[in-house]
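For reference, the structure discussed in these notes is given below.
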Amino acid sequence: MSDGTRAFDHDPVMRDEIVATFRDVPAGVIVDATLGGGGHSEALLESRTDLRILGLDRDPAALDAASARLERFGERLITHRCRFDELDAALADHELTELSGALFDLGVSSPQLDRPERGFSYRHDGPLDMRMDSDAPWSADDVVNGYDERRLADVIRRYGDERFARRIAAAIVGARPIESTTRLAEVVTAAIPAPARRTGGHPAKRTFQAIRIEVNGELDALPDAIDSAIEALVVGGRIAVLAYHSGEDKIVKDRIREAETGGCECPSDLPCVCGAVQTVRIVRAPKRPSADEQQRNRRASSARFRVAEKIAADPGADQTDIIESTEID
Ligand SMILES: C[S@@+](CC[C@H](N)C(=O)[O-])C[C@H]1O[C@@H](n2cnc3c(N)ncnc32)[C@H](O)[C@@H]1O
């Protein structure tokens with residue numbers, strides 16, 4: 001194991017299920033839109049010799065670590081630093097026109113969380129940073145010390161599903177300037193009523209998640225990225241997405257459903273007459289990691305997994321089929 005690999009040690013969530021998802025896709029290129037430490041890509045490259053990976057990440061430390069870990073695969077791995085909603089440009093840069101697969105393993109990696117200097121974690125003392133892309137112009141400091149109380153409360157509620165968002169926002173504003181992750185965690189914890197502090201993990205977890213999502217615009221980039229990936233798939237190619245909170249998962253579900261129905265709004269008990277074109281079918285895959293994996297890997301516990309497969313364009317798809325195949329929620 002190289003130093004780069006050790007420095008980016010991340011246990012890939014649902015690794016076996018992801019390998020199984022891409023087992024029968026046509027030979028060609030899979031975009032790993034969230035390359036991270038390259039754990040999923042490594043498993044995919046090992047599973048089939050006729051696959052190549054285009055690995056995207058906005059974090060240069062992740063690209064370095066993945067390149068070191070996957071060096072033995074030579075030209076079967078191409079890495080590219082960008083946001084995943086810049087997929088079209090990345091494909092053009094590498095003269096690629098179609099994909100056999102697309103994988104999104106959303107959110108942050110364990111090494112990003114575990115390195116105090118990245119400022120992602122309430123467990124370590126670090127600066128209020130939380131940028132995945134170290135060149136990004138603004139950081140957690142701008143949100144924590146710059147947003148007005150109402151906007152802060154809105155972020156914490158929307159991206160953290162935090163019911164005490166208003167109290168937390170008021171406490172943060174009252175404690176400014178806040179200069180470290182430890183101080184932020186203290187302020188948030190103190191703002192939550194004592195009985196609620198004892199349930200649901202660390203009291204600051206949801207607020208840190210919310211601020212991280214805001215800093216990195218994580219939900220803004222997702223719809224376009226999923227649409228572009230689906231568009232680029234060959235027939236029989238698959239898109240697989242691991243989401244870690246409800247806001248992410250809802251976007252994934254909506255974009256896949258849009259591709260599945262072609263945007264058809266005809267009554268569900270009648271044949272489609274609006275000319276909508278169905279471009280994917282939902283693949284029934286295990287929706288959650290196994291209980292064993294959830295126990296073994298802390299990150300896996302909130303994962304939601306969705307898979308869809310590109311089909312030959314089907315104008316006027318029969319609505320009855322569409323309803324049946326979306327029953328997985
Ligand atoms: C959960 S980790 C991926 C871990 C990877 N599957 C593995 O096995 O090592 C998510 C990675 O995606 C990157 N990322 C998150 N959002 C991104 C975006 N919008 N564009 C590009 N990379 C992104 C993060 O920097 C992080 O390295």
**Message:** Condition first: at pLDDT below 95 and outside the structural domain of Phe305 (by TED's automatic domain parsing). Can you find one or more residues in the range 170-191 that meet it?
**Reply:** no
**Request:** Report, by residue number, each residue of the range 85-113 that is of a type in the set (D, E, K, R) and either in a loop (DSSP other than H, G, I, E, B) or buried (at least 16 other Cβ atoms within 10 Å of the Cβ) (or both).
**Result:** Asp85, Glu86, Glu95, Glu98, Asp105
**Asked** Restricting attention to the range 84-141, and to residues there that are outside the structural domain of Leu233 (by TED's automatic domain parsing) and without any contact (Cβ under 8 Å) to a residue 12 or more places away in the chain, which single residue is farthest from Asp16 (Cα to Cα)?
**Response** Pro137
**Prompt:** Taking the range 103-115 as the search range and keeping residues that are out of contact with any Pro (no Cβ under 8 Å at 6 or more places or on another chain) and at pLDDT 95 or above, which one is nearest to Leu54 (Cα to Cα)?
**Reply:** Leu103
**Prompt:** List pairs: first in the range 1-23 and assigned by TED's automatic domain parsing to the domain that holds Arg52, second at pLDDT below 95 and exposed (fewer than 14 other Cβ atoms within 10 Å of the Cβ), Cβ under 6 Å, 6+ apart or cross-chain?
**Reply:** Glu17/Pro286
**Prompt:** Given the range 188-298, what helices (runs of 4 or more DSSP H) lie entirely inside it while holding 3 or more residues that are buried (at least 21 other Cβ atoms within 10 Å of the Cβ)?
**Reply:** 205-216, 222-232, 246-261
**Prompt:** Out of the residues in the range 24-44 that are near the ligand (Cβ under 9 Å from one of its atoms) and at positive phi, which is nearest to the chain's Cα centre (by Cα)?
**Reply:** Gly36
**Request:** Filter the range 166-178 for residues that are in contact (Cβ under 8 Å) with a residue 24 or more places away in the chain and either at positive phi or under 28 Å from the mean Cα position of the chain (by Cα) (or both) and give the result.
**Result:** Ile168, Ile172
**Complete:** Among Asp50, Asp57, the single one that is charged (D, E, K, R) and under 16 Å from the mean Cα position of the chain (by Cα) is Asp57
**Complete:** The condition from (1) away from the ligand (no atom under 13 Å from the Cβ); (2) within 21 Å of Tyr244 (Cβ to Cβ) that Leu103 misses is numbered (1)
**Fill in**
Only unsatisfied item for Leu87, checking (1) over 16 Å from the mean Cα position of the chain (by Cα); (2) under 30 Å from Asp24 (Cβ atoms), is (1)
**Request:** Among residues belonging to the range 64-83 that are more than 24 Å from Leu233 (Cβ to Cβ) and aliphatic (A, V, I, L, M), point out the one that is surrounded by the fewest Cβ atoms within 10 Å (Cβ to Cβ).
**Result:** Ala68
**Message:** Checking the structure you have, find out if any residue of the range 144-153 is out of contact with any Asp or Glu (no Cβ under 6 Å at 6 or more places or on another chain), under 18 Å from Leu242 (Cβ atoms) and at pLDDT 95 or above.
**Reply:** no
**Request:** Please work out which residue is surrounded by the fewest Cβ atoms within 10 Å (Cβ to Cβ), limiting yourself to the range 116-133 and to residues that are in a loop (DSSP other than H, G, I, E, B) and within 12 Å of the ligand (Cβ to nearest atom).
**Result:** Asp133
**Request:** Determine, yes or no, whether Pro315 is modelled with pLDDT under 95 and either within 16 Å of the ligand (Cβ to nearest atom) or within 26 Å of Val235 (Cβ to Cβ) (or both).
**Result:** yes
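Here's the yes/no breakdown for (1) surrounded by fewer than 17 Cβ atoms within 10 Å (Cβ to Cβ); (2) at pLDDT 95 or above; (3) among the aliphatic types (A, V, I, L, M); (4) near the ligand (Cβ under 8 Å from one of its atoms):
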{"site": "Phe8", "(1), (2), (3), (4)": "no, no, no, yes"}
{"site": "Glu46", "(1), (2), (3), (4)": "yes, yes, no, no"}
{"site": "Ile53", "(1), (2), (3), (4)": "no, yes, yes, no"}
{"site": "Asp57", "(1), (2), (3), (4)": "no, yes, no, yes"}
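The values are calculated or read from the model by the stated rules, or taken from the named source; none is laboratory data. Just so it is clear, the structure is predicted and the values come from calculations on it, not from any experiment. Backbone-built Cβ (ideal geometry, glycine too); neighbour counts: all protein chains shown.
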